[in-house]
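Please read the structure below before turning to the comments.
The values are calculated or read from the model by the stated rules, or taken from the named source; none is laboratory data. The shown structure was predicted, so the numbers you read here are calculated from the model rather than taken from an experiment. Ideal geometry is used to build each Cβ from the backbone, glycine not excepted, and the neighbour counts take in all protein chains shown. To get the accessible areas, we keep the full protein, side chains included, count just its heavy atoms, and leave off ligands, DNA and RNA. Shrake-Rupley method; radii C 1.70, N 1.55, O 1.52, S 1.80 Å.
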Amino acid sequence: MALVLRFLNGAYIFRHCPKPYASCPYLVTRFADYCSSSLQNPVAASGRTSSQRKSEGDLQGHHQREVALDIASPEEKPEVSFDKAIKDEIKDHFRRLKDDIVNHWIGPEGRPLHEVLMEQAKVVWQFRGKEDLDKWVVTSDKSIGGRSEVFLKMGKNNQSALLYGTLSSEVPKDGESGRSGYCAMISRIPRGPFEKKRAYDWSQFNTLYLRVRGDGRPWMVNIREDTDIIQRKNQMYSYFMFTRGGPYWQEVKIPFSKFFFSNQGRIRDAQYQLLLDKISSIGFTLADKVDGPFFLEIDFIGVFTDPAHTEEFAYENSPELNPRLFK
C-alpha cells in the first residue's frame with residue numbers, strides 16, 4: 001500500500017509539470033531514479049532509518065574535507081625564512097660551544113680526569129645504525145675514470161657495517177692515469193662548533209683493536225694526522241690487515257709502533273713516529289690487483305693498552321733513532 005501511495009504522488013508531480021522534458025529535466029531524472037529504486041528494493045527503501053542517512057552524510061562530509069585538504073590554494077605559498085634558518089644555525093653552534101667549554105672544565109671529553117687515565121680500552125667507532133654509517137665515506141677509482149665500485153650498508157640485525165663492491169684494475173683510457181684498481185672507506189674528520197676540526201687523542205693507548213670478518217683479501221689500514229699544512233695532506237701512516245675469510249669473526253690487534261710513514265702511496269725512506277694525540281681519521285683500502293667482488297664486515301674499531309707491548313718504534317731508519325743516516 002505504501003508503495004502505491006508513493007507511486008501516485010510521483011505521478012501527480014510529473015503530470016502537473018508544464019513541459020516535463022524541456023522545463024523540468026531534473027524532475028524527470030529524479031522521478032525515474034525514484035521509481036527504479038522503489039521497485040528494486042521496496043523493503044530496504046521503506047525501512048531506511050534516519051541514522052543511516054546521517055552516517056552517509058557524515059561519510060560524504062569527511063570525503064569532502066579530505067579532498068579540500070589535498071587541494072592547496074594557489075594563493076597559499078610555503079614560508080621560507082633564510083634569516084630564521086641562519087639564526088637557528090648560529091644558536092646551535094653557540095650551544096655546542098657552551099657544551100665544549102663545560103666539558104673542558106670537567107675533563108677530557110666531558111669525563112673526570114681520573115676515569116680517562118684509568119681507561120684501558122675504548123671503542124671509537126661502532127656500527128649500530130644509519131647514523132654510524134654517516135660518519136664514513138667510501139671512494140674508489142671511479143673518481144679518476146676507473147671501473148671499481150664500492151658500497152657501504154648495515155649488516156644483519158644492524159650489528160655491523162658491510163663494505164662490499166667489485167674491484168677492477170682496468171686502467172682508464174684517458175692518456176694520463178697509469179694505475180687503477182682501488183676501493184677505500186674513510187672516516188669523516190670530527191667537527192666542533194663553527195666547523196672547527198677536532199682530533200682524537202689516543203696517546204694513552206698503544207694498540208689498534210678491530211673486530212672484522214672478510215673474504216681473505218689483504219687490506220691496508222691508514223691513519224692520518226690532524227694537520228693544516230698543504231704539503232702534508234697526502235701523508236699517512238699505514239699497516240697491513242690480513243683477513244682469514246670464512247664465516248667466523250676475527251680480532252685484529254695492530255700496535256701503533258708498526259705503522260710506517262708514506263706519502264702518496266709510497267713508503268718514505270725517512271720514517272717518523274705517529275703522533276697519537278693528533279689523529280684525524282682512519283681508513284681501509286683494498287688494492288691487491290685481484291679483480292672481482294669483495295666484502296669486509298666491521299663490528300667495531302677501538303684502541304686499548306697492551307701491557308705486553310713495550311716497543312716504541314719498529315723502524316730504525318728514523319732521524320730520531322739514527323740521525324747519522326740523514327746527515
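Quick notes on this one:
- Consider segment 214-271 and keep the residues that are among the basic types (K, R) and modelled with pLDDT under 90. The one that is farthest from the chain's Cα centre (by Cα) is R268.
- When residues in segment 167-204 are screened for being under 19 Å from V137 (Cβ atoms) and of a type in the set (S, T, N, Q), 1 of them pass.
- When residues of segment 261-310 are limited to those that are among the charged types (D, E, K, R), touching a residue at least 60 places away in the same chain (Cβ under 8 Å) and not in a loop (DSSP other than H, G, I, E, B), the one nearest to L210 (Cα to Cα): D299
- Per-region count, segment 104-157, residues at pLDDT below 70 and assigned to a helix (DSSP H, G or I): 11
- Residue, nearest to P255 (Cα to Cα), within segment 210-221, restricted to residues that are of a type outside the set (A, V, I, L, M) and crowded, with 20+ Cβ neighbours inside 10 Å: W219
- Inter-residue pairs, beta-carbon under 8 Å, first farther than 11 Å from F295 by Cβ and charged (D, E, K, R) and in segment 153-170, second open to solvent by less than 40 Å² (accessible area, probe 1.4 Å) and not in a strand (DSSP E or B), 6+ apart: E170/G146; E170/S180; E170/G181
- Of the strands (runs of 3 or more DSSP E) entirely within segment 162-244, those holding at least 2 residues that are among the β-branched types (V, I, T) occupy 207-214, 218-225.
- Subset of segment 115-172 (residues that are exposed (fewer than 14 other Cβ atoms within 10 Å of the Cβ) and under 15 Å from T285 (Cβ atoms)): S143
- Scan segment 281-291 for residues that are surrounded by fewer than 18 Cβ atoms within 10 Å (Cβ to Cβ) and over 15 Å from T243 (Cβ atoms) and the total you get is 2.
- Of the residues making up segment 176-184, not a single one is open to solvent by less than 70 Å² (accessible area, probe 1.4 Å) and of a type in the set (D, E).
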